[in-house]
Amino acid sequence: MTTETSPEDIDRIVTAAVDAAEQLAQTTPAERARWLEAAAEALEKASDELVTLAAKETHLPEQPRLRSEMVRTVFQLRLFGQVLADGEFLRAAVDHADPDWPMGPRPDIRRMTVPMGPVLVFTASNFPLTLSVAGHDTAAALAAGCPVVIKAHPGHPELSARTFAVLSEALLGAGAPEGTVGIVYGVQSGVTALRHPGIAAAAFTGSEAGGRALFDIANARPRPIPFYGELGSVNPVVVTATAVRERGAEVASGYVGSFTLGAGQFCTKPGMLLLPADHGLDEALLNAVTTIPAQQLLNDRIAHGYRDGLDRLRAHPAITVLYAPEPGAAEFGPTLLKVTGADFLAQAESLDVECFGPVSLIVEYAGPDELRTLLRHLEPGLTATVHAQDSDADIVRALLPALTGLAGRLIWNSWPTGITLSWAQQHGGPYPATTSPQFTSMGTAAIDRFLRPVAWQGFPEALLPPPLQDANPWNLPQRVDGAR
């Protein structure tokens, strides 16, 4: 059931997705919303079984972590149902013929988005429900009208198989065509599927090395395809001197809680804390970090990678170890390291790196000028956080150009871990955070990755898609002759 999928079976699965793509492209948003609701209901009913399997395979606790993740998984399917009902995702625009158009007579031309085609989804290890078989990428692609071929993660194969069974049965029962979803197993299967000419786009959440390798494969195909990879992110946190004076202990406690959440295995983990050199928070940080128990990581591969990365950082000559318990055989306690801003700038290539697990680096900056220089030299990421007081408005305003260039989500006086799903959410950023910084992998706008625009020029009303007809039979938003 979960052995390496053969090339012959991969071809069969992708070919079935190709066959389904044409049928899905003809469905209405209301039909697809019903499919998503059926999937949500089925997963909700199977939640006890799925959560138990997830806990067994990932070392993550059932309460509250996996239970809340199950709620999130069901919610995001229903959220995309709201996206479909809203209809704005189609970007329907109607320009009627205009003989007096300033550029010369304008023909009748109408534009909207259409499904990209079969999408290959590489599932993630750190969110075995929300970013896995029935996860956010799958929900967004199905909402767009794209069949999905799922590359199961080796860290939770039993959970993947069972979730796929629940998902596929629900979709087929709701009227989705055969081939709407398929699943493949094994490391090589993902590469084989990615190279299949029937795959039109791919989505990935994982390591920078693995994601970059797949990105290169996607672009080296005879016909390159979009590869939406979420790879690596350090997620810096800036703290002003005023914030240190006013609420330094609170900031220290919140920071420790954030970088150790889920054993530091969140893509939004704050991996770097930028503090003024005279912060005096070492004691508060130690008081907070020593209360955090050692935790198991998701699997052996991640544990080995974390141990190697941690060893490299601890051995670095510029690093001072603030707190570093010896790792156990299966569990890892949180580690705090620090470095001066000057030393960091001199050796940023070896220090400005993501280490996936419960470790974070404190960078002590000498003043506002050095802080701005540090921000300009940091690797881009998913988030950048500022802890400051209202009286720091001028200081923070001067930092905003660098912060905006660093990340897709800026956070004020809060913490980056914990991503709500909503219409305004942005989960992406410049490389290496993502391979396509103009898109998001979380929130309702994630559907845009799996759509492409098409214009119809001069077509009679009877041959136009319903969202572009003057009668607008689906009653979805249109921009007509430039006006909403």
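The values are calculated or read from the model by the stated rules, or taken from the named source; none is laboratory data. Since the structure is predicted, the reported quantities are computational estimates derived from the model, not experimental observations. All Cβ positions, even for glycine, are placed from backbone atoms using ideal geometry, and neighbour counts span all protein chains on display. Heavy atoms of the whole protein, side chains included, go into the accessibility calculation; ligands, DNA and RNA do not. Shrake-Rupley method; radii C 1.70, N 1.55, O 1.52, S 1.80 Å.
When Ala17 is tested against (1) modelled with pLDDT of 95 or more; (2) open to solvent by 20 Å² or more (accessible area, probe 1.4 Å); (3) in contact with a strand residue (DSSP E or B) (Cβ under 9 Å, 6 or more places away or on another chain); (4) under 19 Å from Thr163 (Cβ atoms), just one condition goes unmet, and that condition is (2). Listed by first and then second residue, the pairs with beta-carbon distance under 6 Å, at least 6 apart or on different chains, first residue in region 22-37 and in contact (Cβ under 8 Å) with a residue 40 or more places away in the chain, second assigned to a helix (DSSP H, G or I) and aromatic (Phe, Trp, Tyr), are Leu36/Phe80. Any residue at all in region 357-380 that's surrounded by 15 or more Cβ atoms within 10 Å (Cβ to Cβ), free of Cβ contacts under 8 Å to residues at least 60 places away in the same chain and among the aromatic types (Phe, Trp, Tyr)? Taking every residue of region 357-380 in turn, none turns out to be surrounded by 15 or more Cβ atoms within 10 Å (Cβ to Cβ), free of Cβ contacts under 8 Å to residues at least 60 places away in the same chain and among the aromatic types (Phe, Trp, Tyr).
Could you identify the single residue in Pro222, Pro226, Pro177 that is surrounded by fewer than 21 Cβ atoms within 10 Å (Cβ to Cβ), modelled with pLDDT of 95 or more and in contact with a strand residue (DSSP E or B) (Cβ under 7 Å, 6 or more places away or on another chain)? Criteria check complete, one pass: Pro226.
Criterion applied to Leu336, Leu298, Leu399 was being buried (at least 16 other Cβ atoms within 10 Å of the Cβ), in contact with a strand residue (DSSP E or B) (Cβ under 8 Å, 6 or more places away or on another chain) and closer than 19 Å to Ser233 by Cα, and the one residue passing it is Leu336. Of the strands (runs of 3 or more DSSP E) contained entirely in region 343-461, those carrying at least 1 residues that are under 26 Å from Glu69 (Cα atoms) fall at 359-365, 383-387, 409-412. Only one of these conditions is not met by Thr435: (1) open to solvent by less than 20 Å² (accessible area, probe 1.4 Å); (2) touching a residue at least 40 places away in the same chain (Cβ under 8 Å); (3) among the β-branched types (Val, Ile, Thr). Which number is it? Only one criterion is unmet by Thr435, namely (1). Look through Leu36, Leu24, Leu53 and report the one residue that is at pLDDT 95 or above, crowded, with 18+ Cβ neighbours inside 10 Å and in contact with a His (Cβ under 9 Å, 6 or more places away or on another chain). After ruling out the rest, the residue left standing is Leu53.
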